[in-house]
Structures are given as structure tokens and as C-alpha cells.
Amino acid sequence: MSQPPSSTVKSLRLALSGLEVLLGSLQGRLGGAVERALDLIGGGEGRLIVMGVGKSGHIGAKLAASFASTGTPAFFVHPTEASHGDLGMIAHQDVVLLISWSGESRELHDIIAYCKRFGMKMIGMTSGEDSLLARMVDVALILPKVREACPNDLAPTTSTLLTMALGDALAVALVERRGFSERSFHDFHPGGKLGAQLKPVRALMRQKDLPLVGVEAPINEALGVLTQASLGIVGVTHKSGALIGVITDGDVRRYLERSAARSMKSALWETRVREIMSATPITIAPEAVAAEALSSLQQHSISVLFVVEDCRPVGVVTFLSLLEAGVA
């Protein structure tokens, strides 16, 4: 097997060493600044406006998308366009995140002046501790100065990695602060495989003609339901309607093998389903997400789950239906 070029390995090592330096910085002053930045963003009544030029602009656009998709209203505004009319997109209650590795990007000067004039809160992400950006913002996130992975120490590589990593860390921290759940995440990602995985089971379950028998029903009745439903499982209900057990086709097969010496009448008509049912069925709630249902099916090596609400069966979800919905 061929080995990657040594320059590739060296670049990756430089990038990883930069991340280690960033982690070390979080234990000191940067950690305190991060907390203040989270307070500003999380406690604000407006949106998060992300701005930057060049590579910082590309990162800013990605970070704005990440914030927005995880419950923090955010969008990216290009500083040059802002200076030519797009400043009207920024409201006075918004928080502005300005990204510049040097902290001296001239395109940000008009933005800083505008925010100062109207009292908007600013967060700066830069490595320039004494830069104009660091001095002007309300919270300065000072990234450690690191060597670029570029062999000439010029092309933004390690620096962009650190900027992106810190921005993503802020977005994730806000997820925890806001109590942003999997279901909330689905609201912002309704399409694709991820959307399918986060759909509630209620949206995927079969609700009609559930395979159910009463606890005092004879084995023969359970066999009829098994055959008609073709799901390989029957739910056993108490007279109150609560699901108290299940019988699978495997349970019936093993029972018939044990009952070979008995008469058919005794084995099928005189024996009740409660005598062979499994009294601890694996179930799932209708508001659980599809990914949880799939995990449960795989963990217990079964193909069907009863969906239960207030102890009563309201549906079934199958491994096949999850596959058809694009969950796996």
C-alpha cells in the first residue's frame, strides 16, 4: 500500500498541533472570553450576524449556517456589501460576530463604526491581540498564533482550522444552553437521511389493523392474527387495552414442538395466549425518533416494535418500514 506524501503528513501534524494549542488556550483567558461570548449570543433578543472577508468570510458563511441549523438565528453579511447598503439588514438588538485573523481587515472598519454608533454588541474572533478589532469589540476571542500548515507559512490553513473549530464549539455550546433536542434539530433538517432518522415514530408507524389479541384468547386465534397480519408478531392486551405481552411466530413454533403429544384441540383451542406470551415486550413511544426505533430493533434482534402510548398499543413500526423511509 502506497504511503501519503511526507508533506501531507507534516501538514496534518501542524494542523493538529494548532488544535492542541487552542485547547490549551481554552483553559486560560480564552475560556473566560468564550463564556462571555456565549452569554451575549444566548442572552440577546436579536440574531447573530456573522461577518468576515476572504477565507474568514467563507468560514463565517459556514458558521452562520451552523448556528442557524442548531437553533441560534443567524446569517452571514459580507462586509463590502454591508458598506453599500446591507447594513440595513442588521438590527440594533443583533449581536455581530466579526472574524479576521489579523484583526486589521479594512473592510470591517465601517462595520465596527456602525455598531459603535448604534450600540450593537460585537464579538471579535482574531489572533491579533492588540489589533483594532480586538480593542473595539465587547468580547475578543483571541486565537493563538500558530504556524500555517502551508510550507511557506503563508496560505491560511491551520489558522482557518482553528477559527472554524472555535466557531463550531460556540454553536455546540449554545445547543446545550438552549436545550436544543434531536426533535428540534429535525425541524431545521426535514430532508435527506438525517431528516428521516429524526422523524418521530408516529409519522412512520402503521396504525390500522394492528395484530392484537386479548389475554384470554385461545392459541388458535393468535395463529389467525399472525397469519393475517404477516408481521411475525401478535400483541397481547389486557381487558383494559394495555399491552401486556407479545407472541411471535417463533414462540408459537416452539410451543407446538413442545405440544406434539397433545391433541390439537387441547393445544390450540383450550390453551390461552397468556400461557406462552412474552410478558416483557420491547416497545417504543410515538414521539421517539426513528433512529431510536432502529437502534432498538437492532439491539434486540427483532423486526417489529409495538408503539405504545399510555400503556396502550397505537401502532407498529417495522425494520422494513424504517428502511423504506430512508432511516438506515
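Less than 11 Å Cβ to Cβ from ARG177, Lys/Arg counted +1 and Asp/Glu -1: what total charge do the surrounding residues give?
Summing Lys/Arg as +1 and Asp/Glu as -1 gives -2.
Across the Cα atoms of the chain, what radius of gyration and what greatest pairwise Cα-Cα distance (Dmax) are found, in Å?
Using the Cα atoms of the chain, the pair Rg, Dmax is 29.8, 93 Å.
For segment 201-324, what relative contact order do you get, as a whole percent, if you take Cα pairs closer than 8 Å and at least 6 residues apart?
On the way: 199 pairs, mean separation 38.6, N = 124.
Across segment 201-324, relative contact order equals 31 percent.
Kindly list the residues of segment 24-42 that lie in the label zone of GLU129, defined by a backbone N under 11 Å from the point 7 Å along the Cα-to-C-beta vector.
Once the point is set 7 Å along Cα→Cβ of GLU129, 29-30 turn out to lie under 11 Å by backbone N, inside segment 24-42.
Can you compute the charge dipole magnitude of segment 6-180 about its Cα centre, using +1 on each Lys and Arg Cβ and -1 on each Asp and Glu Cβ, nothing else charged? Give it in debye, rounded to the nearest 20. List each step's numbers first, then the result.
Values: 16 positive and 17 negative charges, 43 e Å.
So the magnitude is around 200 debye.
Each residue of segment 234-245 in order: what ³J(HN,Hα) in whole Hz does its phi give by Karplus 6.51 cos²θ - 1.76 cosθ + 1.60, θ = phi - 60°, with x for Gly and Pro?
Those phi angles translate into 10, x, 10, 10, 6, 4, 6, x, 6, 7, 10, x Hz.
Take every Cα pair under 8 Å in the chain that's 6+ residues apart, average their separations, divide by the length, and report that relative contact order as a whole percent.
Once divided by the residue count of the chain, the mean separation gives 14 percent.
What residues have an amide H closer than 5 Å to that of ALA140, excluding those fewer than 5 places away on the same chain, when H is modeled at 1.01 Å from N in the peptide plane?
Close amide H contacts, sequence-distant or interchain: GLY124.
In a GNM of the chain with a 10 Å cut-off on Cα contacts, which of LEU97, LEU40, LEU226 has the highest mean-square fluctuation?
LEU226
May I have the extent of the alpha carbons of segment 6-180 along their three principal axes, as whole Å values ordered from largest to smallest?
Projected onto the principal axes, the Cα atoms of segment 6-180 cover 50, 37, 27 Å.
Taking the convex hull of the alpha carbon atoms in segment 205-308, what volume per residue do you get, in Å³? Before the final figure, lay out the partial values.
Values: hull volume 9.9 nm³, N = 104.
That works out to 96 Å³ per residue.
At what distance in angstrom do the alpha carbon centres of segment 118-144 and segment 226-289 lie from each other?
Segment 118-144 and segment 226-289 have Cα centres separated by 67 Å.
Can you compute 3J(HN,Hα) from phi for each residue in segment 135-143, using the Karplus curve 6.51 cos²θ - 1.76 cosθ + 1.60 with θ = phi - 60°, rounded to whole Hz and x for Gly and Pro?
Once rounded to whole Hz, the list reads 6, 8, 7, 6, 9, 9, 9, 8, 7.
Quote the convex hull volume per residue of segment 40-92, based on C-alpha atoms, as a whole number of Å³. Each step should come with its number before you reach the end.
Numbers: hull volume 3.7 nm³, N = 53.
It is 70 Å³ per residue.
Across segment 287-295, in residue order, what do the Karplus-derived ³J(HN,Hα) couplings come to in whole Hz, using 6.51 cos²θ - 1.76 cosθ + 1.60 with θ = phi - 60° and x for Gly and Pro?
Here the 3J(HN,Hα) series is 8, 5, 8, 4, 4, 5, 4, 4, 4 Hz.
Run through segment 1-86 and list the GluC sites (Glu not before Pro) located in a DSSP loop whose Cβ has at most 10 other Cβ atoms within 10 Å.
Passing both the DSSP loop test and the Cβ count: GLU45.
Read-outs throughout are calculated quantities, based only on the coordinates presented, and are distinct from any laboratory measurement. Bear in mind that the values here come from a model prediction, so they are computed numbers and not experimental data. Every residue, glycine as well, gets a Cβ built from its backbone with ideal geometry; the counts of neighbours run over all protein chains shown.
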